[in-house]
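> Let me give you the structure first, and then I'll get to my questions.
The values are calculated or read from the model by the stated rules, or taken from the named source; none is laboratory data. Quick caveat: nothing in here was measured; it's all calculated off a predicted structure. Neighbour counts run over all protein chains shown; Cβ positions are idealised from the backbone, glycine included.
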Amino acid sequence: MKTAGWTLSGLSICVALLGCATKSAVVSMGDGTYTVTRTADTAFARDTEKMTAKAKEDAAHFCAAQGKELKVLDVVVDKPFYATGYASAKVVFRAVNPGEADLPSAPAPVAGARYAAPVAVAVAQKQATDDLYNQLMKLDDLRKKGILTDEEFQAEKKKILSHSN
C-alpha cells in the first residue's frame with residue numbers, strides 16, 4: 001500500500017514538472033489591443049528571452065494574416081522560483097496599418113511592468129497640465145506688464161482653457 005502511495009506521489013510530481021508546452025492564442029483586450037502568451041514546457045525551464053521571441057513571432061504572424069504590422073506595447077515576463085510555477089512571457093501589442101508601427105507613441109513601458117498604460121497616460125496628462133500652466137503664466141505676465149488689458153487677458157484665458165478640454 002505504501003508503495004502505491006509513493007508511486008502515485010512520484011507520478012503526480014513528474015506530471016507537474018513535465019507539463020506541456022503551451023502557446024496561448026491571441027486574445028483581444030479591446031480597443032485594437034491584443035495579447036499572446038508563451039509558457040515554459042516545464043517548471044524548470046527558465047529561458048524567458050526565448051519565450052518572448054516566440055510570443056513576438058506569434059503576434060507578428062497574427063498581424064501578417066490581417067495585412068497589418070506589429071506594434072509591441074509591452075512585454076511582461078513572469079519567472080517564478082524554480083519548480084514553483086511555469087515561467088512565461090506575455091506580449092501586449094496592436095495590429096496597425098503599414099507605416100503606423102513607426103509612429104512615436106507614449107513613453108516606452110518598463111519591461112515587466114504590469115501597468116504601463118496608466119503610467120503613460122499619467123505622464124501625458126502631466127505634460128498637458130504643465131503646458132496649460134505655462135501658457136496661462138505667459139498670458140498673466142503680459143497682463144502684468146500692461147501689454148494686455150484685463151478684458152483681453154480674460155478673453156485669451158477663456159480661449160486657452162476651452163482648447164484644453
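> Can you work out which of the residues in the range 57-99 that are among the hydroxyl-bearing types (Ser, Thr, Tyr) and out of contact with any strand residue (DSSP E or B) (no Cβ under 8 Å at 6 or more places or on another chain) is modelled with the lowest pLDDT?
Filtering the range 57-99 for residues among the hydroxyl-bearing types (Ser, Thr, Tyr) gives 82, 84, 86, 88.
Checking which are out of contact with any strand residue (DSSP E or B) (no Cβ under 8 Å at 6 or more places or on another chain) leaves us with 82, 84.
Values: 82: 70, 84: 75.
Here the answer is 82.
> Which one of 50, 54 is in the same structural domain as residue 99 (by TED's automatic domain parsing), modelled with pLDDT of 80 or more and closer than 25 Å to residue 99 by Cα?
Working: 50 fails: closer than 25 Å to residue 99 by Cα.
Going through 50, 54 in turn, the sole match is 54.
> Something else now. Considering only residues that are in contact (Cβ under 8 Å) with a residue 60 or more places away in the chain and among the small types (Gly, Ala, Ser), which ones fall in the range 63-93? Can you show your working first?
Residues of the range 63-93 in contact (Cβ under 8 Å) with a residue 60 or more places away in the chain: 83, 86, 92-93.
The answer is 83, and nothing else.
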